[in-house]
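Heads up: the structure comes next, in C-alpha cells.
The values are calculated or read from the model by the stated rules, or taken from the named source; none is laboratory data. Given the structure is predicted, the values throughout are model-derived calculations rather than measurements. Glycine also receives a Cβ, built like all others from the backbone with ideal geometry; neighbour counts cover every protein chain displayed. Areas reflect the complete protein model, heavy atoms only, side chains present, ligands, DNA and RNA absent. Shrake-Rupley method; radii C 1.70, N 1.55, O 1.52, S 1.80 Å.
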Amino acid sequence: MNVLLKSATIVDPKSDFHNQTVDILIEKGVISQISKRISNPKNYKEIKLDNLHVSKGWFDSSVSFGEPGYEERETIENGLKTAALSGFTSVVLNSNTHPVIDTNADVSFLKTKANGNAVDLHPLGALTKESKGVDLAELFDMKSAGAVAFYDYQKPISNPNLIKIALQYASNFDGLVMSFPQESKISGLGVMHEHVTSTSLGLKGNPSLAEELQIARDLFILEYTEGKLHIPTISTAKSVELIRAAKQKKLNVTCSVAIHNLVLTDKDLVNFNTNYKVLPPLRSQSDIDALIEGVKDGTIDMVTSDHNPIDIEHKKVEFDHAMYGTIGLESAFGALQTIFTLKKTIDLLTKGKERFELQSCSIQQGEKANITLFNPNQSYTFTKDNIVSSSKNSCFENHDLKGIVYGIYANNQLVLK
C-alpha cells in the first residue's frame, strides 16, 4: 500500500531524521523518501493527523488471546486488530490455549492463522507437555516450526531438575527457556500481595518471597548449565537485585516487567475489583520504585502489557474465585507515559526483539516500513470506549493516561483507528 505521511515527527535515535518533523513516502511497503516536503503527484493516500509522531513498530513480549479453545475471550483476528490499534507491529503469543501449544503442528496453526496480517505473531511453545510441568515438550520441533521461546504461561516449574534439563537441551539449538517466577509452596492460595492491605481486606497473601526463591533457584541452575534464560514479569525489589547480580556475573539472563506492576499497587484492591487480580500480584510502592530503577538502569530488559483477556463469567465473581489477568495492549502507551519520558517510553516499547532473535527496522530511506503512529501529548481518562479487545477486564479503567495511538503501518498495510 502506498502512503504519504505528512508532518510526522520521527522518534528513532538510529534514524538520520531523529526528532525531525518530515514527510514520509512509503511505496509498496518500503520507505522510499523522507524529506521536509514531499509532493504527491501520484495521488497516494495522504495521512495528516494532529501532532503526528512515528517510531519503529512496537513490540510486546507477552500477550494472550484465547484461540484455539477460548475464543469467547479473544480470537487471533481480533487480538491482532487490538495490537495494531494499540501501536504494536509484533507480538509474542503465550501458549495458554486449549489445547496448549506444545507441538510443531500447534505452532504452525498459529503462524498460518496470522499469515497476511499487518501484525507479526510469534508463538511461544509450551515448555512442558500440556504445561503440566512433568515432561518436556517437543522444543526443537516447535522452534523449527517458528516458536521463538518456550514457556508454561504463569505456571512455575516446581521440579528443579526439569528446568536444568530444559536449559541444557535447549542450548544445543540456542533455544530460549522461560521460567515463571513463583514458588507455589510458598505462594499457596494467596490471591494478592502479602502485606498490610491483604490483612485489612481479609484476603490470603502471596508473599514476595515466593517469587524471589524461584528466581534465586533458577539463577543458580542457569549458572550451572550455562544456558539461556528469560524470566517474565518480575514484581519485587529483591527480584531486581538478584537479576542485577546475575548480570554482573555475566549469566545469559533477561527479564521483563508487566506495565501494571510499574504503575499500580496493592492498595488499588481496596474495592475488591477483580480486574486488579493479576499474577504476579500488584505489590507495594517500594517494589514499584525498585522496578522503575531497574528499568532505567537496564537490569530489566523489557516491559510488557502481559495482555490477558478474561471473559466476564470468570471475572464477575468473588475475588478469591476470579481468574488472574488484565488486558493491557490498549493502555500500554498511555500508562508508560505517566511514569517515563516519551524518549524512554518509545525505547521500552521497541526493545526486546533481539532476545527472541527477531529483526528490527529503523526509519530510514530504503528500509522496510514498520512504524507506529501516535500523538504523545494528549491526556485522557481510559474507559471501556478505549477497549478494542473482546474481553473488557482492564485494570486501567478510569485511570488518567497520557498519549494516544493512531495505528500502524507494517507488512505493506495501514491500520488506523
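Ordering of 51-59, 24-32 by packing is 51-59, 24-32, highest average first (other Cβ atoms within 10 Å, averaged per residue).
The largest-to-smallest principal axis extents of the Cα set in the range 26-84 are 49, 23, 22 Å. In the range 1-120, the portion of solvent-accessible area held by carbon and sulfur atoms comes to 46 percent [1.4 Å probe, whole percent, DNA, RNA and ligands not counted]. The chymotrypsin sites (Phe, Trp or Tyr not before Pro) of the range 94-174 include none that meets both conditions, a loop assignment by DSSP and at most 13 other Cβ atoms within 10 Å of the site Cβ. Note on Ser32 and Ala105: their simple-model spin labels are 4.5 nm apart, each label 7 Å out from Cα toward Cβ.
Distance between the 7 Å Cα→Cβ label points at Glu130 and Asn40: 5.7 nm. If R0 is 51 Å, the Cβ-Cβ spacing of Asn161 and Asn398 corresponds to a FRET efficiency of close to 0.65. Per-residue surface analysis assigns Asp297 an accessible area of about 70 Å², computed on protein heavy atoms at 1.4 Å probe radius. Note on Lys185 and Ser144: their simple-model spin labels are 3.8 nm apart, each label 7 Å out from Cα toward Cβ. Each part reduced to its alpha carbon centroid, the range 90-158 and the range 322-401 end up 23 Å apart.
Surface analysis of the range 278-417 yields an accessible area of 39 Å² per residue, using protein heavy atoms and a 1.4 Å probe.
With respect to the cross-link table entries Lys238/Lys353; Lys228/Lys249; Lys249/Lys343; Lys42/Lys113; Lys48/Lys296, which display a Cα-Cα separation exceeding 24 Å?
Values: Lys238/Lys353 26 Å; Lys228/Lys249 14 Å; Lys249/Lys343 29 Å; Lys42/Lys113 34 Å; Lys48/Lys296 34 Å.
Correct reply: Lys238/Lys353; Lys249/Lys343; Lys42/Lys113; Lys48/Lys296.
Go through Val415, Val270, Val295 and list them by solvent-accessible area, largest first, probe radius 1.4 Å. Please report the intermediate quantities before stating the final value.
Details: Val415 35, Val270 75, Val295 0 Å².
Heavy-atom accessible area, descending, gives Val270, Val415, Val295.
Couplings 3J(HN,Hα) for the range 155-166, derived from phi with the Karplus relation 6.51 cos²θ - 1.76 cosθ + 1.60 (θ = phi - 60°), are 10, x, 8, 6, 7, x, 5, 5, 5, 4, 5, 4 Hz, where x marks Gly and Pro.
Note on the chain: with charges restricted to the Cβ of Lys and Arg (+1) and Asp and Glu (-1), its dipole about the Cα centre is near 1000 debye.
Given R₀ = 51 Å, FRET efficiency for Lys343-Glu77 by Cβ-Cβ distance, to 0.05?
Values: r = 34 Å, r/R0 = 0.66.
According to the calculation, E is roughly 0.90.
Which percent of the accessible heavy-atom area of the range 168-325 goes to carbon and sulfur, probe 1.4 angstrom? The partial results should precede the final answer.
Numbers: 3370 of 6390 Å².
The value for the range 168-325 is 53 percent carbon and sulfur by accessible area.
Remark: the Cα gyration tensor places the chain in the prolate category, a/c being 1.5 or greater and a/b exceeding b/c.
Phi angles across the range 332-340 convert, under the Karplus curve 6.51 cos²θ - 1.76 cosθ + 1.60 with θ = phi - 60°, into 3J(HN,Hα) values of 4, 5, x, 6, 4, 6, 7, 10, 10 Hz, Gly and Pro given as x.
Given the Cα atoms of the range 36-161, and with Rh set as the inverse mean 1/r over their pairs in the Kirkwood sense, what is Rg to Rh to two decimals?
Working: Rg = 18.3 Å, Rh = 16.2 Å.
The Rg/Rh ratio comes out at 1.13.
Once the Cα atoms are used to define both axes, helix 285-297 deviates from the longest principal axis of the chain by about 50 degrees. Accessible surface calculations at 1.4 Å, restricted to protein heavy atoms, place the range 111-235 at 41 Å² per residue.
Going by average Cβ density within 10 Å per residue, which order do the peptides 189-201, 274-286 take, highest to lowest? Kindly include the intermediate steps, with their values, before the conclusion.
On the way: 189-201: 17.3, 274-286: 21.5.
Taking the mean over residues of other Cβ atoms within 10 Å, the ranking is 274-286, 189-201.
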